């Protein structure tokens with residue numbers, strides 16, 4: 001009888017998980033459909049915004065370098081040719097895929113909420129109380145990463161890569177897939193990196209990470225951060241430093257978060273009655 005109840009309980013959890021996944025997928029698809037309907041606006045004002053010479057980041061960099069008395073190519077940003085589509089279905093498939101990716105991005109807080117609804121029944125009242133800000137903090141860091149990528153990393157990368165040329169004998173003719181893929185990969189990659197403090201929080205909670213561990217491998221983390229910065233930015237020192245600085249700040253914040261979790265666990269252990 002107990003075995004049957006246990007089996008029903010397991011099946012019940014599977015059924016509950018299925019509905020969480022269904023609702024999450026529905027949210028993504030609904031947002032994706034809306035974005036697909038307004039695909040022209042999405043492409044012109046977001047995905048292709050960095051190809052406009054008057055993009056705000058180019059203007060700010062131009063003003064900054066002018067203030068320092070330095071000539072900058074950001075003051076004369078030009079994109080000579082339009083992107084090209086090589087296949088009859090390329091624009092349609094790219095629009096569908098981009099709508100799905102942006103659907104995941106925009107529905108991120110709701111996806112976290114569904115995850116929280118699934119795991120919260122297995123938590124104690126105290127654990128639920130201590131984790132109430134999880135969705136807000138994780139969503140905030142995610143969208144800060146999106147904004148940083150969109151307004152800093154993407155324009156610097158696109159400006160560099162579009163103007164990089166080995167010789168005049170080679171002409172740059174970029175496809176829409178390559179450009180959109182570059183933008184969306186940077187958006188998702190950087191936003192995930194900005195979730196580092198949240199990841200460290202949970203790893204510390206389950207005992208896989210400690211503040212001492214993070215401090216010990218700080219130098220190794222610096223090397224990893226520089227490698228990641230080199231991957232998601234153009235191969236110039238300035239861009240890599242711009243990307244590396246906020247990630248290193250997040251690493252230091254993660255150490256503080258890990259310390260906070262350890263102190264709280266030690267405090268709770270002292271309060272709990274000894275058997």
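The values are calculated or read from the model by the stated rules, or taken from the named source; none is laboratory data. Everything quoted here is computed from the prediction, not taken from an experiment. Here the Cβ positions follow ideal geometry from the backbone for every residue, glycine too, while neighbour counts run over all protein chains shown.
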>> Taking the conditions exactly as written (on the phi < 0 side of the Ramachandran plot and modelled with pLDDT under 85), does residue 46 satisfy them or not?
In response: no
>> Exactly one condition in (1) within 19 Å of residue 247 (Cβ to Cβ); (2) outside any helix (DSSP H, G or I) is false for residue 197; which is it?
In response: (2)
> How many residues are farther than 25 Å from residue 188 by Cβ and either at pLDDT below 80 or assigned to a helix (DSSP H, G or I) (or both) if we restrict to region 208-246?
Replying inline: 7
>> Can you confirm whether residue 60 is under 17 Å from residue 101 (Cα atoms) and surrounded by 12 or more Cβ atoms within 10 Å (Cβ to Cβ)?
In response: no
> Out of all the residues in region 209-226, is one or more under 30 Å from residue 49 (Cβ atoms) and surrounded by 13 or more Cβ atoms within 10 Å (Cβ to Cβ)?
Replying inline: yes
>> Condition (residue is farther than 23 Å from residue 188 by Cβ and either in contact with a helix residue (DSSP H, G or I) (Cβ under 9 Å, 6 or more places away or on another chain) or loosely packed, with under 14 Cβ neighbours inside 10 Å (or both)) applied to region 39-55: is it met by at least one residue?
In response: yes
> Do you know which of the residues in region 63-83 that are assigned to a helix (DSSP H, G or I) and surrounded by 14 or more Cβ atoms within 10 Å (Cβ to Cβ) is nearest to the chain's Cα centre (by Cα)?
Replying inline: 74
